[in-house]
Each structure stands twice: as structure tokens, then as C-alpha cells.
Amino acid sequence: MNIQVKAVIFDWAGTIVDFGSLCPVVCFKEAFAEKGVELEGWEIHRFMGTHKLYHVQSILELPEVRAKWQDACAREPHKGDRDSIFATIERLLIERAGTFATPVPHFAEAMAALKERGIRTGSSTGYTAPMMERIVPAAKEHGVSLDAWVSSDQVSRGRPSPWMIFRNMELLDVCPPHAVVKVGDTIIDMLEAHNAGVWSVGVVESSSLMGMDEAGLRKLPAEERNNRKAEVREQLRDAGAHFVINHLGELDKVISVISSQPVHSTPHARSA
């Protein structure tokens, strides 16, 4: 008897909406700029997928950012600064996330294939519940509708801990872990899947690791585009991705490969 995939749990920004995961980048840059600190994109993207409060904390701990903060504020950042920046980011994301709710290419065909297989869908995210309460209805207007969602502030600890995946499994009434697939665009998505003992699929083109909108990606010279994609693919594999796909149009192929595994199999390194 082979594995029967029962649920796919998606990340949001950079995976099913917001090609390149650009909304958080815009909001983080603006919030830090209010403190006189100009962030580089890589300083934001490297921690993408974590609870946004701890995302801010991680950025503030970067030596490069601490140096900029010292120059701008003539002191070291403290917990109050972290909390203030997070509050600004949360407000900005709630205000603007709905404008970044357009699905990525191939989302509709991926969902149709999952529905045909009778596979349920859930999601985990670094966004908080107030952010998701704005994003979910906006995305639904664009045809993005999942069976469940869990935010990082609805569990005791967000990614890379597995609790959001387990909460999704509870809401969807799905088990065991090897019947579940996690799809995401960040390193922390892959770590979350590993800690939950589920299959992990990394998405390249729309990813935060790529960090570009669709038009920008297409404008790159072919060699540069392919090199960038290869770098992201390697990062996801190094983070433990069992499969790495260019876009969601390749997800059904992965589901077929997993479904060919014997039922006693557990997630292990394999690529598509």
C-alpha cells in the first residue's frame, strides 16, 4: 500500500500570493526608515517566515544593522525599539497586505489538481492573526481559498517549531505526518516541515529568497535568471527540502512521486 497524501499546507507570501514576498519588505523598510535606519533587502529576506516580532529582533541583532542604528540614534537598540517597530510593521501590513493578495502563477491549476485528488489545504505563516484577517478575505476575492489557516500568534511558538503544522492537521482532521506536504518559499518553511516530520516542497521563482516581482524576474537575462534560480534551489535543498519546484504548476508531479512511496515510508531527501 502506498502513501495517500491527505493535506497540503502552504505558506502565504511568496508561495501562494505576493510574488517575491514584497509586501513585508516594503513595510519593514518603511518602519525602520522612521527610526533613521535604511535596510537592505537581504537583511529582511534572510529571516522571512518567522513571527514578525522575532523577525524584527533578528534584524536588530545583525551587526550591520546595529551599526546603522548607532549612527542614526547614537545608542544601541533596545526592547522598546523592537516593540515599536513591530507595532508599526503590523499596522502597515494590515493596511497594505490586501493589495498584495494576488495569487502567484499556476495557483489555480495547482488547487484544481489537489481538489481532484481529494486533498485538503491549510496554511501556516509568519503573519499574525490581525494581518491574516485582512489578507484572507482580500485573497479570496482573487480566488485564493484554503480549508484552514493558522497564524504565528495562534500557537505557543511560530516557525521553525512545528506547532502551526500540527494545528492545521488538527483543524483538517488529518494524520499521520507522512500524509502531509508543506509547501513554502523560505528556509524556515523547510525547517518547520522537518520538525513536524512532513514532506517539504520549496518554491523557487516566487520566493522571498528570489526577492523579485514576476516582471523583474522575466526581464533578467536568461543566464542570470537561471543562475539566480539555481542559487535559490540550492539554498532550499540545503535547508532540507525533499523537493524543489520552480512554481506551483509542478506541485502535482511531486504529489504523484510521494503517492508512489510505500505507506511505511517517512519523508526523506528526494528532488523533483
Where the centroid of each part is defined by its Cα atoms, how far is the stretch 118-171 from the stretch 186-254 in Å? 20
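Give the order of Thr128, Thr88 when sorted by the count of other beta carbons within 10 angstrom, beginning with the fewest. Working shown, then result.
On the way: Thr128 21, Thr88 18.
The order, fewest Cβ neighbours first, is Thr88, Thr128.
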Dmax and Rg, reported as Rg then Dmax, of the chain (C-alpha, Å): 18.3, 65
For the chain, percent of DSSP beta bridges that are antiparallel (nearest 5) comes out at 10
Work out the charge dipole of the chain with +1 on the Cβ of Lys and Arg and -1 on the Cβ of Asp and Glu about the Cα centre, then indicate which of His242, Ala129, Gly49 is farthest towards its positive end. His242
Compute the helix-to-body angle for 22-33: its Cα long axis versus the longest principal axis of the chain, expressed 0 to 90° and rounded to tens. 20
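In debye, nearest 20: dipole of the chain around its Cα centre with unit charges on the Cβ of K, R (+) and D, E (-)? Working shown, then result.
Values: 30 positive and 36 negative charges, 93 e Å.
So the magnitude is around 440 debye.
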Between Ala72 and Ala108, what is the label-to-label distance in nm when each label sits 7 Å out along the Cα-to-Cβ direction? 4.1
With Cα coordinates, the longest principal axis of the chain makes an angle with the long axis of helix 129-140, in degrees rounded to 10, of 60
Farthest toward positive dipole pole in the chain [+1 Lys/Arg, -1 Asp/Glu at C-beta], among Ile165, Trp149, Val180: Val180
Any chance you could list P(r) for the stretch 29-103, counting all Cα-Cα pairs in 5 angstrom bins from zero, rounded to whole %? 3, 16, 27, 28, 15, 7, 3, 1, 0
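Taken together, the values in this text are just the output of simple stated rules run on the coordinates, not laboratory data. Only a predicted model underlies this, so the values are computations on that prediction, with no experimental measurement involved. Because the Cβ atoms are built from the backbone with ideal geometry, glycine has one as well, and the counts that use them run over all protein chains shown.
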